[in-house]
Amino acid sequence: MHALLQPAAAPEFLSGNEAVARGAWDAGVELAAAYPGTPSTEIVQTIAEFPGVYAEWSTNEKVALEVALGASMTGRRALTAMKHVGLNVASDSLMTLGQVGAKAGLVIAVSDDVGFSSSQNEQDSRFWGRFVHLPVLEPADAGEAYAMTRDAFALSERYAVPVLVRLTTRVSHVKRMVGIETREAPDGRRHGYEKDAARWITTPNHVAKRLALRAERDAALALEAESSAWNRLEPGQDARIGFIVSGPAYHVVREAYPDAPIVKLGLSHPLPLGLAKRLATSVERVLVVEEVDPIVENELRAAGFAVHGKDVLPRQGEITVPVLEHAVSRLTRGESRGKAAARPAALFPRPPTLCAGCPYTGVYFWLGQLKDTIICGDIGCYTLGCGSPWNAMDTVISMGASLGVAHGMVQAQAGEAKPKSVLAVIGDSTFLHTGMPALANITYQGGNVTVLLLDNRSTAMTGGQNNPGNGRRMDGTPAPRIDFARLVEALGVKRERIRMADPYELPTFRKVLHEEMKIAEPSVIITSRPCVLAPEFERRRPLKVVVDDCNGCSRCLDLGCPAITVTRREQQTRPSGNVVELAWTAIEQAACTGCDLCAKACARGAIVPA
Amino acid sequence: MNTDILVVGIGGQGVMTAAETLARAALAAGLDATKTEVTGMSQRGGVVCSQIRIGAHIEATEVRPGQTKLLLAFESAEGLRWSHYLAHDGKAFVDSWRAVPPVVSSGHFEYPAQPATEMRDAGVDVIELDARSVATTLGDVRLANSVMLGAVAASLPFATEVLRTEVLRRFGKDAALAASNARAFDAGRDLTA
């Protein structure tokens with residue numbers, strides 16, 4: 001049982017993601033589906049630990065949204081959660097949802113990685129509210145994340161529309177005290193499916209009526225926003241600047257300017273223009289504070305308001321107190337408050353690393369040594385192959401993009417005398433998420449990409465979630481395990497071009513890689529070792545370096561294993577006059593998993609069991 | 001006046017758990033507290049930092065450079081990395097353990113010879129502790145975080161006993177673990193007494 005289920009008369013200390021989960025459960029949610037992605041992962045992970053809810057890791061965000069829609073159609077409150085880029089994947093169905101709406105409450109919790117700590121970009125998901133015609137709730141903190149998620153289900157049912165709860169990293173991943181209300185059990189009176197072809201079948205003959213209904217709904221929601229308790233004008237004595245603010249920036253404004261009048265937006269789309277007008281007429285100037293794009297600002301301008309916003313505030317990253325103070329000083333041409341920020345010490349970077357014994361270290365040991373080869377990467381732990389010491393990646397675009405990009409590069413170079421070899425590197429979960437259609441395209445077009453399908457039986461980067469490739473469902477119960485060799489054969493790869501390779505066996509792995517790169521046909525090399533954090537992984541006796549046998553060649557360091565450290569460096573001049581850099585190494589026993597990769601990389605046999 | 005605290009280290013060290021313990025202790029003492037979490041890419045051997053704010057009522061949750069009261073660093077160079085966050089009257093508690101990353105092993109960067117000395121030269125009040133050695137003496141290197149929490153306890157805006165209770169509460173009915181962590185906490189507390 002989850003710790004959140006302790007009898008809760010008192011408030012709880014929850015992250016925004018946990019608060020969304022608890023809010024959904026307390027609203028009687030009956031189904032939750034998601035694909036993991038930072039900073040949204042813990043939402044459905046937490047819901048899954050509550051009783052009486054069906055929860056799943058779906059294969060991608062579009063599937064998860066459709067699963068939630070299906071539940072809503074049958075009268076069950078449902079939630080899907082995803083990170084901002086996940087909503088791009090789900091967007092095709094999302095657009096239709098704007099038209100057909102929802103039956104039982106349907107909540108889409110999307111967490112934007114404002115500050116891009118673990119994402120390929122920074123996006124403002126509030127745009128989807130405008131694009132799809134959905135109401136958008138923007139909690140400022142975990143407490144509001146709880147209460148707004150609860151309320152979102154009722155709002156969804158009141159207007160028969162999915163509701164977007166837009167979080168940011170600072171809401172999702174900050175713990176605060178959250179007030180908990182009595183749980184509302186799932187209401188069986190909502191249950192039941194009724195055929196409604198004119199609504200759920202989106203053939204062109206049904207569209208006009210749905211668009212007209214959508215326009216009516218937009219108008220009703222605009223009135224709702226004006227009277228919603230989530231939107232309020234907080235009066236203040238200091239009328240020099242009035243703030244219009246949404247999301248976690250509310251607390252920033254409150255801290256920096258406690259006496260300023262503020263319009264706090266919670267139901268931020270549709271925009272409550274009447275409330276904004278009441279503020280605007282009572283202050284000298286209005287500053288719109290929002291993360292990250294000027295959405296509210298532009299809508300206010302279009303409605304005839306003279307407001308400030310991104311003319312003084314940055315268009316990327318979090319708005320913090322110093323950032324806001326700087327913007328206000330530009331606006332008032334006054335003295336900047338506070339002192340200049342202290343400067344950090346010049347120090348080595350500490351990028352995330354592959355784990356000791358990670359099977360990817362064996363793969364990248366070779367990929368880092370390839371010449372005249374373009375390596376199209378994808379999204380997962382293996383993205384780290386772009387970094388030191390391997391530098392073995394040329395592109396990372398989006399989930400599943402490696403294969404399509406690689407195929408385009410191959411086809412574009414077809415007429416060249418010496419085309420570069422092209423590899424695609426993709427993990428098991430990402431392949432199942434959006435990689436498969438691109439492989440079907442490669443075989444169909446007669447392309448020539450060598451695909452490395454790094455099957456570590458885990459959605460590792462987000463915390464080791466289960467997926468259809470490891471034979472376990474979200475709750476750990478057994479599921480049919482996808483056989484990747486048979487899957488890629490079915491997608492058109494010749495049986496002899498499908499190679500199972502053990503990335504711990506360095507020489508044979510290299511042989512397989514070079515064989516497949518030479519052949520002018522699509523091939524898929526499937527690696528066979530699990531993530532070191534997966535239950536399948538077997539830790540072995542750690543290794544050590546026999547100092548007297550080590551000649552300082554430092555080849556073991558090419559693996560990039562974090563358990564290998566340098567004890568001594570030396571420059572030597574060879575008889576040829578060449579100067580070589582030597583490094584003697586040691587192995588940290590506590591970190592070593594005994595994978596034996598470094599022992600195989602060592603030509604001197606200096607690495608042995610400890 | 002709020003007490004801002006940074007807890008820093010590297011992925012996998014238990015930084016988040018230690019930060020959670022501090023925040024929950026503050027709440028148990030009747031104060032308001034917020035705590036930031038890090039997940040995703042930084043988890044794997046990368047830089048990890050949790051920001052805690054403690055006070056009567058917390059609005060913004062980010063901790064600002066130059067205004068932090070306490071820095072709790074579970075690794076030597078990580079203490080230096082975040083030391084510019086400290087206020088002029090702030091204090092750093094740094095584990096002297098050195099975790100050398102592959103970018104240093106591969107020769108691309110250098111690890112500073114004496115991170116704590118560099119901090120002192122920059123005017124930081126540094127308390128350097130060999131928490132891992134203390135923990136190893138007590139029987140398990142994993143007790144290092146409890147040693148560090150014990151060391152910082154007297155500098156917090158609430159009673160040491162509240163933090164000690166919160167540290168031990170995590171072990172529930174496991175009396176052996178609770179006892180060893182109590183010894184570790186007390187050892188840390190005595191180091192800075």
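The values are calculated or read from the model by the stated rules, or taken from the named source; none is laboratory data. All of these numbers come straight from a predicted model, not from anything done at the bench. Every residue, glycine as well, gets a Cβ built from its backbone with ideal geometry; the counts of neighbours run over all protein chains shown.
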Next item on the list: Working only within segment A:90-115, note down all residues that are more than 14 Å from every other protein chain (Cβ to nearest Cβ), buried (at least 19 other Cβ atoms within 10 Å of the Cβ) and in contact with a Lys or Arg (Cβ under 7 Å, 6 or more places away or on another chain).
Entry: A:Ala90, A:Gly98, A:Val100, A:Ala104, A:Gly105, A:Val110
Next item on the list: Name, by its number, the condition in (1) more than 23 Å from A:Thr567 (Cα to Cα); (2) in a loop (DSSP other than H, G, I, E, B) that does not hold for B:Gly107.
Entry: (1)
Notebook entry, point to check: Is it true that A:Leu221 is assigned by TED's automatic domain parsing to the domain that holds A:Glu138, crowded, with 17+ Cβ neighbours inside 10 Å, within 21 Å of A:Leu134 (Cβ to Cβ) and of a type in the set (A, V, I, L, M, F, W, C)?
Noted result: yes
Next item on the list: Read through the list (1) under 33 Å from the mean Cα position of the chain (by Cα); (2) over 21 Å from A:Arg166 (Cβ atoms), then give the number of the only condition that A:Asn231 fails.
Entry: (2)
Checklist line | segment A:154-175 - residue that is within 29 Å of A:Glu216 (Cβ to Cβ) and not aliphatic (A, V, I, L, M) and, of those, nearest to the other protein chains (Cβ to nearest Cβ) | finding: A:Arg166
Notebook entry, point to check: Counting only residues that are more than 14 Å from the chain's Cα centre (by Cα) and either within 27 Å of A:Ile374 (Cα to Cα) or hydroxyl-bearing (Ser, Thr, Tyr) (or both), how many does segment A:451-468 have?
Noted result: 8
Notebook entry, point to check: Out of (1) of a type outside the set (Lys, Arg); (2) in a helix (DSSP H, G or I); (3) surrounded by fewer than 22 Cβ atoms within 10 Å (Cβ to Cβ), what's the single condition that is false for A:Tyr382?
Noted result: (3)
Next item on the list: Return the total of residues in segment A:570-601 being within 9 Å of another protein chain (Cβ to nearest Cβ) and touching a Gly at 6+ places or on another chain (Cβ under 7 Å).
Entry: 2
Note to self: Just checking: which of the helices (runs of 4 or more DSSP H) contained wholly in segment A:269-379 hold 1 or more residues that are touching a residue at least 60 places away in the same chain (Cβ under 8 Å) and more than 23 Å from A:Tyr250 (Cβ to Cβ)?
What the structure shows: A:359-367
Margin query: With the condition being in contact (Cβ under 8 Å) with a residue 60 or more places away in the chain, I'd like the helices (runs of 4 or more DSSP H) fully within segment A:429-536 carrying at least 1 qualifying residues.
Written below: A:436-444, A:506-518
Margin query: Looking at A:Thr459, A:Thr443, A:Thr395, A:Thr430 in this structure, which one is modelled with pLDDT of 95 or more and in contact with a strand residue (DSSP E or B) (Cβ under 6 Å, 6 or more places away or on another chain)?
Written below: A:Thr395
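Residue by residue, here is whether (1) buried (at least 24 other Cβ atoms within 10 Å of the Cβ); (2) within 14 Å of chain B (Cβ to nearest Cβ) holds:
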{"site": "A:Ser117", "(1), (2)": "no, yes"}
{"site": "A:Leu137", "(1), (2)": "yes, no"}
{"site": "A:Glu144", "(1), (2)": "yes, yes"}
{"site": "A:Ala152", "(1), (2)": "yes, no"}
{"site": "A:Met177", "(1), (2)": "no, yes"}
{"site": "A:Ala185", "(1), (2)": "no, no"}
{"site": "A:Thr202", "(1), (2)": "no, no"}
Next item on the list: Give the residues of segment A:593-609 that are assigned to a loop (DSSP other than H, G, I, E, B), closer than 20 Å to A:Arg568 by Cα and of a type in the set (A, V, I, L, M, F, W, C), sorted by residue number.
Entry: A:Cys602, A:Ala603, A:Ala606
Item checked: Residue among B:Leu27, B:Leu31, B:Leu86, B:Leu22 that alone is at pLDDT 95 or above, closer than 16 Å to B:Ala116 by Cα and not small (Gly, Ala, Ser) -> B:Leu86
Check: Any idea which of B:Ala73, B:Ala77, B:Ala92 is touching a helix residue (DSSP H, G or I) at 6+ places or on another chain (Cβ under 8 Å), at the interface with chain A (Cβ under 9 Å from one of its Cβ atoms) and of a type in the set (A, V, I, L, M)?
Finding: B:Ala77
Next item on the list: May I ask you to list the residues in segment B:59-70 that are crowded, with 21+ Cβ neighbours inside 10 Å and within 11 Å of another protein chain (Cβ to nearest Cβ)?
Entry: B:Ala60, B:Thr61, B:Glu62, B:Val63, B:Thr68
Check: Which of the following residues is within 14 Å of chain B (Cβ to nearest Cβ) and assigned to a helix (DSSP H, G or I): A:Val252, A:Val207, A:Val245?
Finding: A:Val252
Checklist line | Yes/no for A:Ala346 being more than 7 Å from every other protein chain (Cβ to nearest Cβ), over 27 Å from the mean Cα position of the chain (by Cα) and more than 20 Å from A:Thr508 (Cα to Cα) | finding: yes
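Per-residue answers, yes or no, for (1) closer than 21 Å to A:Lys420 by Cβ; (2) more than 8 Å from chain B (Cβ to nearest Cβ); (3) modelled with pLDDT of 90 or more:
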{"position": "A:Leu331", "(1), (2), (3)": "no, yes, yes"}
{"position": "A:Glu335", "(1), (2), (3)": "no, yes, no"}
{"position": "A:Thr353", "(1), (2), (3)": "no, no, no"}
{"position": "A:Val363", "(1), (2), (3)": "yes, yes, yes"}
{"position": "A:Cys376", "(1), (2), (3)": "yes, yes, yes"}
{"position": "A:Gly380", "(1), (2), (3)": "no, yes, yes"}
Checklist line | Filter result for A:Ala78 (touching a Leu at 6+ places or on another chain (Cβ under 7 Å) and either assigned by TED's automatic domain parsing to the domain that holds A:Met148 or surrounded by 20 or more Cβ atoms within 10 Å (Cβ to Cβ) (or both)) | finding: yes
Check: Could we say that A:Leu370 is buried (at least 20 other Cβ atoms within 10 Å of the Cβ) and either touching a Lys or Arg at 6+ places or on another chain (Cβ under 7 Å) or not hydroxyl-bearing (Ser, Thr, Tyr) (or both) here?
Finding: no
